[in-house]
Amino acid sequence: MKISEENQLRGGMYALLARLLRSVPDQTLFEQLDAIETATNDNLDKKSSKGQLGQALNVLKLAAKSVDREALEEEYHSLFIGMGRGELVPFGSWYLTGYLMEKPLGVLREDLLRLGFERQEGIHEPEDHAAALCEVMSMLILSEDLNENEALNFFRNHIEPWIDRFYSDLEKAEHACFYRSVGALGAEFNRFEKQYLAMLV
């Protein structure tokens, strides 16, 4: 089955957010961001109820052009790693229960196994990391055998209950500078995604 242009854009946006949240962005990622900006603006901006997704992507692009790379590494470390833990804890279990490695993670692992996803070697973080969930959504959407119901259920069960709070916290985080624009993009895309998925029901 041919992947629609809309799903290519959705899958690409999830992949972009995953990469931004997984590790410190590098030059290659910034070049890719610069290359996709216009197409994403033209296609997704019209489908956002307030037309803000394209604007959020533009803000991220501008932030990427002006960021100091050494400062960005320090920012990422302060936000997500820290001494013991970062300012934010980007895991579903944390947002849903206040603890890591709780029941939501167990349910997620069962669903991932059922969907055919296996934990990759070298990855030590729990599977409910925001980046990992975005990666799964990207792969589900970009699959030639896409099952819209599977993608919808995965989003509603493992992302929708908490991700808005995470993006909001990221926008307001004390140590965030560049990552405020990432939080804003995530929030706008999640708003678009909820509206898109609601049309499938």
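Answer with one residue from Leu100, Leu115, Leu88: the one whose Cα lies farthest towards the positive end of the charge dipole of the range 87-161, charges on Cβ with Lys, Arg +1 and Asp, Glu -1.
Farthest towards the positive end: Leu100.
May I ask you to compute the full-extension gain from Ala35 to Lys194, defined as 0.36 nm times their residue separation minus their alpha-carbon distance, rounded to one decimal in nm?
Fully extending the segment from Ala35 to Lys194 adds 54.7 nm.
Let's test the formula: R0 of 41 Å, r as the Cβ-Cβ distance of Arg156 and Leu62. What FRET efficiency results, to the nearest 0.05?
With a Förster radius of 41 Å, E is 0.80.
With 10 angstrom as the radius, rank Thr28, Thr97 by how many other C-beta atoms surround their C-beta, starting from the fewest.
With the sparsest Cβ surroundings first, the list reads Thr28, Thr97.
Working from the alpha-carbon coordinates of the chain, get Rg over Rh, Rh being the Kirkwood radius.
Result for the chain is an Rg/Rh of 0.94.
Computed from the coordinates by the stated procedures, all read-outs in this text should not be read as laboratory data. The model shown is predicted, which means the values in this text are computed figures rather than measured ones. Here the Cβ is made from the backbone with ideal geometry for all residues, glycine too, and neighbour counts use every protein chain on show.
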